[in-house]
1. Just give me the residues in the range 74-94 being without any contact (Cβ under 8 Å) to a residue 60 or more places away in the chain and in contact with a Phe, Trp or Tyr (Cβ under 9 Å, 6 or more places away or on another chain), in sequence order.
2. Return the residue satisfying two criteria in turn: it lies in the range 84-120 and is of a type in the set (Gly, Ala, Ser) and under 26 Å from Leu2 (Cα atoms), and of such residues it is farthest from the chain's Cα centre (by Cα).
3. For the range 26-120, please list each of the strands (runs of 3 or more DSSP E) lying entirely inside it that holds at least 3 residues being buried (at least 21 other Cβ atoms within 10 Å of the Cβ).
4. Going by what's in this entry, would Glu71 be described as more than 15 Å from Ile23 (Cα to Cα), of a type outside the set (A, V, I, L, M) and without any contact (Cβ under 8 Å) to a residue 60 or more places away in the chain?
5. Of all residues in the range 85-109, how many are more than 17 Å from Thr12 (Cβ to Cβ) and not hydrophobic (A, V, I, L, M, F, W, C)?
6. Might you let me know whether the range 6-23 holds any residue that is polar (S, T, N, Q), within 24 Å of Phe98 (Cα to Cα), under 13 Å from the mean Cα position of the chain (by Cα) and part of a strand (DSSP E or B)?
7. For the range 34-77, how many residues meet the condition of being closer than 18 Å to Leu104 by Cα and modelled with pLDDT of 95 or more?
8. Considering each residue of the range 6-23, count those that are touching a Lys or Arg at 6+ places or on another chain (Cβ under 9 Å) and either surrounded by fewer than 16 Cβ atoms within 10 Å (Cβ to Cβ) or modelled with pLDDT under 95 (or both), and give that number.
Amino acid sequence: MLSAKEVAYEVTKALDSKKGMDIRLLRINEISSLADYFLICTGTSNTHVKTLCDYAEDTLEKLGEKLLGREGHRGNSWELLDYGSLVVHVFTQEAREFYSLERLWADAEQVDISSIVIEE
């Protein structure tokens with residue numbers, strides 16, 4: 001069984017492989033009981049957001065993780081996948097700027113994922 005961090009890393013790699021942009025992994029377990037990690041990613045279009053979420057869901061299913069909830073907002077401008085210890089947020093650029101989760105969760109520890117994300 002993988003730890004929450006290992007699961008988050010696997011999904012980070014999956015999103016990166018499908019050209020997810022500006023991927024951030026926030027460790028929030030010290031400041032919230034919602035989850036251990038938030039994984040935040042930007043898609044280039046509503047279709048790309050949906051594709052990234054589908055691929056993340058498929059990856060997590062293969063890892064044996066159980067989806068607790070999937071919510072879409074305004075025609076796929078923001079989708080959320082809740083796995084308990086990990087919540088994946090995929091936005092269009094406009095939605096990400098509007099909701100500004102990194103600002104809302106500024107107290108969270110930003111996990112260094114530079115070793116697993118290939119910068120373009």
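1. Ser77, Trp78, Glu79, Val87, His89, Phe91, Thr92
2. First, the residues of the range 84-120 that are of a type in the set (Gly, Ala, Ser): 84-85, 95, 100, 106, 108, 114-115.
Restricting the remaining residues to those that are under 26 Å from Leu2 (Cα atoms) gives 84-85, 108, 114-115.
Details: Gly84: 13, Ser85: 12, Ala108: 15, Ser114: 15, Ser115: 17 Å.
Only one residue fits best here, namely Ser115.
3. Working: elements: 37-43, 69-73, 78-82, 86-92, 109-111.
Output list reads 37-43, 78-82, 86-92.
4. Working: more than 15 Å from Ile23 (Cα to Cα): yes; of a type outside the set (A, V, I, L, M): yes; without any contact (Cβ under 8 Å) to a residue 60 or more places away in the chain: yes.
Judged against the criteria, Glu71 is a match.
5. Filtering the range 85-109 for residues more than 17 Å from Thr12 (Cβ to Cβ) gives 92-95, 97-100, 103-104, 106-107.
The next check asks that each one be not hydrophobic (A, V, I, L, M, F, W, C); those that pass are 92-94, 97, 99-100, 103, 107.
Number of matching residues: 8.
6. Taking the range 6-23 and keeping what is polar (S, T, N, Q), we get 12, 17.
When the remaining residues are screened for being within 24 Å of Phe98 (Cα to Cα), the result is 12.
Then keep just the ones that are under 13 Å from the mean Cα position of the chain (by Cα); that gives 12.
Next cut, part of a strand (DSSP E or B) only: none.
So far as the range 6-23 goes, no, none of its residues is polar (S, T, N, Q), within 24 Å of Phe98 (Cα to Cα), under 13 Å from the mean Cα position of the chain (by Cα) and part of a strand (DSSP E or B).
7. If we filter the range 34-77 for residues that are closer than 18 Å to Leu104 by Cα, which is where we start, we get 34-42.
Adding the requirement that they be modelled with pLDDT of 95 or more leaves 35-42.
Result for the range 34-77: 8.
8. Total meeting the criteria: 1.
The values are calculated or read from the model by the stated rules, or taken from the named source; none is laboratory data. Here the structure is a predicted model, which means the values were calculated and not measured. Cβ: placed from backbone, ideal geometry, glycine included. Neighbour counts: every protein chain shown.
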